[in-house]
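Just below is one structure, and these are the notes that go with it.
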Amino acid sequence: MTVSTLPPILPYGMIVGQDSIKRALELAYIADRIGGVLISGQRGTGKSTLVRAFAQMMYTKPLVTLPINATEDRVVGGWQIKQLMEGTATPQDGLLKEADQSILYIDEVNLLDDHIVNIILDVSSTGILSIQRDGLRAEERVRFTLVGTMNPEEGLLRPQLLDRFGLMVSAEADTVPANRAKIMLAVLAYDNARAGDPDAIAQVQQQIEDDQVYAERLHGARARLAHVKGDPIVDACVAVASAFAMQGHRGDLVLLTAARALAALESMEQTNQNSITVAPRHVQAVARLALQHRRNEASQGTQSFWRTPDDDATVAAKLNLDA
Amino acid sequence: MPELPASLTRAFAAAALSPTLRSILIIDLDAGTLRAAAAVLAQLLTIAEGRPAEVVSLASAQNEDALWGGLAIRATSQGPTVVWEPGLLTRELTAESVPVVVIPDLAHVGLLGQRTCVMAMDAPVAHLERHGQSRRWAPRVCWLAGCAAADAAQVSPHLLDRFAIRLDGQAFAQVDRVAELRAALAEESPAPSSLQLPAGLEAMLRAASSWPLPQLHAQFADAVLQLAPAEIAHGSARRQLALARLAIALARLEGAPEALPAHVLAAHRLSRPQAATTTRSAEGEREPQQAKAEQAAPPQPAQAPSPALPTARAAVSPEPAPAAASDGYVPAQGAPLPGELAGGEAQALSALNLRLFPEDGPRQQAAEPLRIPPRRFRASAAASGPVIGVEQSDTTEDLALVATIVEAARWQRMRRSLRPDAPPRLQISPADLRRNRRAPVVEQLLLLVIDHTCRAGFDWIGALMPHLLWAYQERAAVSLVQVGAAGAAHTLRAELLSVPHVLVPQLNLALNAGPGYGTPLAHGLDLALQTLRCAVQGGRSAVRRARLVVLSAGRGNIPLDASRVGLVAGTVGLQGVEAALEAAQALSRLALVQRLLIAPQPQLYPELARRLAVALDAPLTLMAPLQAEAQP
């Protein structure tokens with residue numbers, strides 16, 4: 001590997017900490033039915049880097065990114081202007097189509113224009129991309145995992161868009177000095193690799209190989225998901241969601257799906273995929289991710305609210321587990 | 001020609017050497033000098049990159065097409081044709097040069113500029129998805145911004161955090177003014193002010209680019225953590241990374257084989273010229289001598305490390321994987337830091353520096369863009385409104401290209417028959433031009449926070465009427481936060497209703513709702529805060545002025561946490577009142593918002609309304625009792 005072939009983002013495995021974000025992204029990959037992940041957090045917590053690194057590890061094509069200043073023709077699709085000028089009408093796929101079967105990433109999602117938000121909402125809720133513009137008429141099925149990052153200091157999301165994200169993670173800065181030092185040294189190592197240091201390049205190369213092994217594990221978990229039956233925890237999911245006065249059933253469903261995805265991931269330690277069991281402890285592990293952004297929709301004033309340890313205790317009590 | 005001050009010289013050279021440091025903010029530096037400094041920075045980048053650097057100004061970009069590129073009709077020898085023209089930030093896609101983007105006044109760059117900076121600065125990959133263009137590239141842009149110290153606190157912390165290097169423009173005040181004046185007299189040139197590249201710097205930069213990267217001293221990370229602790233910058237890792245990168249770059253410039261804690265201290269001092277001079281540290285005194293030595297001859301790469309400081313590359317080799325994270329770096333807990341970092345000076349240096357890092361203090365609102373004149377009426381269709389169709393146009397402004405081309409295509413057969421000798425390209429005539437029809441944008445907002453539990457027996461309609469009339473006259477959008485209204489979905493929570501104008505019947509119904517059972521005033525004010533932040537700051541909002549009218553006696557009785565969770569836990573006491581005052585203080589810090597408090601004439605606890613008015617920083621108006629109507 002040389003400087004020119006180094007990936008543009010540091011490898012996933014070099015990112016220190018932020019385990020909740022990692023877990024949420026991995027679960028959303030294993031079970032794409034979860035719908036997406038919203039990562040909300042203060043500045044400088046590595047939200048965007050982590051998403052890009054995850055996509056770099058899991059997908060062969062570049063991460064489809066929707067910048068906040070994207071025009072509508074690039075979001076839904078349009079004509080190739082250059083070809084059009086030469087008298088040939090050639091359609092050009094939009095980002096929603098490009099993201100089919102992978103991630104659609106929106107950095108600073110809370111700064112997105114309302115009319116683009118409306119388009120995304122329509123497509124993500126129906127699974128159908130309908131193009132009716134500039135004489136172009138098409139309708140296609142698309143399915144993508146919506147991943148957004150935002151800094152809540154700059155404003156919140158519309159409740160309808162918030163609801164499209166199956167899981168929400170509150171990214172918090174790690175303030176433990178030892179961990180801060182590890183973060184810093186990892187980034188500096190990657191800097192060195194970019195600057196051509198052979199030792200650092202070798203280190204990054206090794207990490208990329210390790211990432212590939214881990215990606216295989218996630219692929220395997222995704223394949224096993226169908227073997228994880230959710231029946232044993234249906235009642236538990238409903239009990240937990242009811243305890244937090246969820247509106248609608250999306251919270252129950254996401255909770256159940258995320259718990260199954262976690263069970264599938266953990267089962268990669270075992271060889272027999274027919275004996276995978278999902279348990280209340282899996283529900284407990286994903287409850288906050290699935291529920292924290294749904295409980296306060298009515299209050300509108302905050303988009304994640306989780307009281308530790310009270311809410312953790314509520315979940316544990318409903319599942320008859322230790323907090 | 002004056003020379004660039006030493007602190008700026010070192011910082012600029014470091015930025016030229018390390019692409020991750022190419023976002024520089026200088027506090028209190030006039031636009032002319034900033035431009036001259038940008039020219040020096042461009043020279044250094046040209047040396048480091050081996051290709052020309054070009055200075056461009058963000059102030060000249062009026063819209064997103066100017067920044068990111070857009071489609072335009074251009075006349076060619078073969079007739080008019082549509083071409084994509086790159087903008088300021090996408091020029092690097094078609095040109096070989098490295099752009100140095102200068103922002104003369106960060107606080108007044110406007111919403112568009114701030115959004116652009118947040119998107120593009122410190123991003124490893126840039127994305128362009130506009131007007132049929134889909135590009136991804138690793139940006140090489142170098143950012144250089146100026147900002148007045150008094151205004152810096154109004155810039156979004158989110159944006160400030162992206163600047164890797166902060167410098168104080170006061171460094172220019174230390175330049176020898178007499179010598180500068182004499183030099184200006186001698187030159188008697190009307191040319192704009194320019195700065196000279198310090199002698200020897202070019203050779204030093206070239207040498208530093210070729211030397212091997214320095215290793216990290218065993219206590220390098222500790223030094224960074226000590227001078228940029230996690231508690232500052234609200235835990236953002238960028239601050240520490242920037243300090244570490246700057247220290248490494250300084251070590252490279254010196255030709256040091258190892259980046260030492262002393263380099264961290266030197267990097268830290270670049271942002272603290274005052275601390276360096278007031279403490280009269282050994283480093284501070286050494287700087288001028290060192291600069292002179294550098295001028296005399298560029299340093300050699302093989303400087304021996306301090307014998308007192310062990311070289312321990314193995315101990316600090318960067319973290320390979322999460323799996324190995326637990327057994328990788330081990331901080332030297334309690335170990336004394338070498339030399340100058342120990343003692344009271346380190347404590348002084350790690351104190352808050354609100355002048356250069358205003359985001360470490362209390363948050364304030366982003367500033368109003370000054371260059372865009374405010375429009376008064378809602379009927380004006382601003383270019384920022386979403387496209388809702390196309391219409392015929394006689395100019396090329398905000399052109400709907402595809403619609404224009406489609407219109408032209410309809411007439412091609414006829415036009416070709418009239419001009420058989422024309423080149424085989426699309427023939428466009430002015431009659432084909434179509435521009436975007438855009439939805440009108442709301443420019444003014446009336447936000448009412450109404451406490452339904454305090455107004456019985458008072459002429460609240462008379463008190464609110466002037467504001468409702470204002471909203472009608474100005475075609476303002478209206479948001480109503482109902483506090484303690486009868487029929488609320490949740491007694492512990494306020495409710496928000498947003499309508500596009502004052503004549504929506506739903507608003508009238510909501511205003512006339514009777515009193516409920518609780519007064520979640522804190523939650524109501526918090527909702528108002530979120531709403532105003534979104535309206536004035538968020539997205540491409542065009543709201544230029546908002547009026548906040550709070551009708552309340554200040555007697556909130558529900559804590560904010562209880563509203564959020566939907567459950568009152570324990571004794572409430574004064575929590576509801578105090579949370580409301582806290583939210584009111586946050587509201588008082590919003591720019592572009594005119595505030596007013598309307599309270600009933602005092603019967604009980606009159607001081608609560610006064611305290612609320614003070615917290616809101618708003619005039620207090622008293623509602624008259626409805627005695628005439630009440631008495632038969």
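The values are calculated or read from the model by the stated rules, or taken from the named source; none is laboratory data. As the structure is a computational prediction, the values presented were derived from the model and not from experiment. In this analysis, Cβ positions are derived from the backbone assuming ideal geometry, glycine residues included, and neighbour counts consider all displayed protein chains.
Descriptive notes on the structure:
- Leading residue by the ranking (nearest to B:Val224 (Cα to Cα)) among those in region A:170-189 that are touching a Ser or Thr at 6+ places or on another chain (Cβ under 6 Å) and more than 7 Å from chain B (Cβ to nearest Cβ): A:Ala171
- Region B:1-87 holds strands (runs of 3 or more DSSP E) entirely within its bounds, and those carrying 1 or more residues that are free of Cβ contacts under 8 Å to residues at least 12 places away in the same chain map to B:70-76.
- Residue list for region B:183-203, restricted to those being at pLDDT 75 or above and over 34 Å from the mean Cα position of the chain (by Cα): B:Ala199, B:Gly200, B:Ala203
- Residue identified as within 13 Å of B:Val478 (Cα to Cα), in contact (Cβ under 8 Å) with a residue 24 or more places away in the chain and surrounded by fewer than 24 Cβ atoms within 10 Å (Cβ to Cβ) among B:Val502, B:Val536: B:Val502
- Matching residues, region A:271-286, being of a type outside the set (Val, Ile, Thr), assigned to a loop (DSSP other than H, G, I, E, B) and closer than 25 Å to A:Asp19 by Cβ: A:Ala279
Listed here are the residues, each with its yes/no results for (1) modelled with pLDDT of 85 or more; (2) more than 26 Å from A:Phe54 (Cβ to Cβ); (3) not charged (D, E, K, R).
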residue	(1), (2), (3)
A:Ala89	no, yes, yes
A:Asp100	yes, no, no
A:Asp107	yes, no, no
A:Leu112	no, no, yes
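Conditions tested, residue by residue: (1) buried (at least 22 other Cβ atoms within 10 Å of the Cβ); (2) within 14 Å of chain A (Cβ to nearest Cβ).
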site	(1), (2)
B:Trp84	no, yes
B:Gly87	no, yes
B:Thr90	yes, yes
B:His108	no, no
B:Met121	no, yes
B:Trp137	no, yes
B:Asp151	no, no
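- Among the residues examined, A:Ser4 qualifies as assigned to a helix (DSSP H, G or I) and small (Gly, Ala, Ser).
- Looking across B:Ala267, B:Ala244, B:Ala251, B:Ala276, one residue alone is at pLDDT below 90, crowded, with 19+ Cβ neighbours inside 10 Å and either touching a helix residue (DSSP H, G or I) at 6+ places or on another chain (Cβ under 6 Å) or not in a loop (DSSP other than H, G, I, E, B) (or both). It is B:Ala276.
- Test: residue in region B:60-82 that is surrounded by fewer than 23 Cβ atoms within 10 Å (Cβ to Cβ) and farther than 30 Å from A:Trp79 by Cβ: yes
- Residue list for region B:52-84, restricted to those being of a type outside the set (A, V, I, L, M, F, W, C), modelled with pLDDT of 85 or more and under 20 Å from B:Arg435 (Cβ atoms): B:Gly69
- For region A:203-213, filtering for residues that are surrounded by fewer than 18 Cβ atoms within 10 Å (Cβ to Cβ) and at the interface with chain B (Cβ under 10 Å from one of its Cβ atoms) leaves 1.
- Residue check for A:Leu121: closer than 30 Å to A:Leu156 by Cα and of a type in the set (A, V, I, L, M, F, W, C): yes
- Residues of region A:12-64 satisfying the condition of being aromatic (Phe, Trp, Tyr), outside any loop (DSSP other than H, G, I, E, B) and either over 13 Å from the mean Cα position of the chain (by Cα) or surrounded by fewer than 24 Cβ atoms within 10 Å (Cβ to Cβ) (or both): A:Tyr12
- Some residue of region A:185-196 being more than 20 Å from the chain's Cα centre (by Cα), in a loop (DSSP other than H, G, I, E, B) and not assigned by TED's automatic domain parsing to the domain that holds A:Lys61: yes
So that you can scan it fast, the table gives a plain yes or no per residue for (1) in a helix (DSSP H, G or I); (2) outside the structural domain of A:Leu27 (by TED's automatic domain parsing); (3) at pLDDT below 90; (4) over 17 Å from A:Ala287 (Cα atoms):
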| site | (1), (2), (3), (4) |
| --- | --- |
| A:Val234 | yes, yes, no, no |
| A:Val238 | yes, yes, no, no |
| A:Ala245 | no, yes, yes, no |
| A:Gly248 | no, yes, yes, no |
| A:Leu253 | yes, yes, no, no |
| A:Leu256 | yes, yes, no, no |
| A:Arg260 | yes, yes, no, no |
| A:Leu265 | yes, yes, no, no |
| A:Met268 | yes, yes, yes, yes |
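- Screening region B:215-236 for residues that are within 10 Å of another protein chain (Cβ to nearest Cβ), part of a loop (DSSP other than H, G, I, E, B) and touching a residue at least 12 places away in the same chain (Cβ under 8 Å) and picking the one that is surrounded by the fewest Cβ atoms within 10 Å (Cβ to Cβ) gives B:Pro229.
- Residue in region B:463-470 that is in the same structural domain as B:Leu529 (by TED's automatic domain parsing), more than 37 Å from the chain's Cα centre (by Cα) and either surrounded by fewer than 22 Cβ atoms within 10 Å (Cβ to Cβ) or part of a helix (DSSP H, G or I) (or both) present: yes
- Selected residue (only one of A:Arg224, A:Arg250, A:Arg194 is touching a residue at least 60 places away in the same chain (Cβ under 8 Å), away from chain B (no Cβ under 14 Å) and of a type in the set (D, E, K, R)): A:Arg250
- The lone criterion from (1) part of a loop (DSSP other than H, G, I, E, B); (2) within 11 Å of chain A (Cβ to nearest Cβ) left unmet by B:Val406 is number (1).
- Taking first residues from region A:45-72 that are free of Cβ contacts under 8 Å to residues at least 24 places away in the same chain and partners that are among the acidic types (Asp, Glu), the Cβ contacts under 6 Å between residues at least 6 apart in sequence or on separate chains come to A:Asn69/B:Glu64.
- Restricting region A:132-152 to residues that are crowded, with 16+ Cβ neighbours inside 10 Å and in contact with a Lys or Arg (Cβ under 7 Å, 6 or more places away or on another chain), the residue that is farthest from A:Glu98 (Cα to Cα) is A:Asn151.
- Flag for B:Arg425 being among the basic types (Lys, Arg), touching a strand residue (DSSP E or B) at 6+ places or on another chain (Cβ under 9 Å) and not assigned by TED's automatic domain parsing to the domain that holds B:Val543: yes
- Exclusive hit being part of a strand (DSSP E or B), assigned by TED's automatic domain parsing to the domain that holds B:Ala528 and in contact with a helix residue (DSSP H, G or I) (Cβ under 8 Å, 6 or more places away or on another chain), set B:Val502, B:Val481: B:Val481
- Selection count where residues are out of contact with any Gly (no Cβ under 7 Å at 6 or more places or on another chain), of a type outside the set (Val, Ile, Thr) and in a strand (DSSP E or B), scope region A:134-149: 5
- Among residues of region B:544-566 being buried (at least 24 other Cβ atoms within 10 Å of the Cβ) and among the polar types (S, T, N, Q), the one that is nearest to the chain's Cα centre (by Cα) is B:Ser563.
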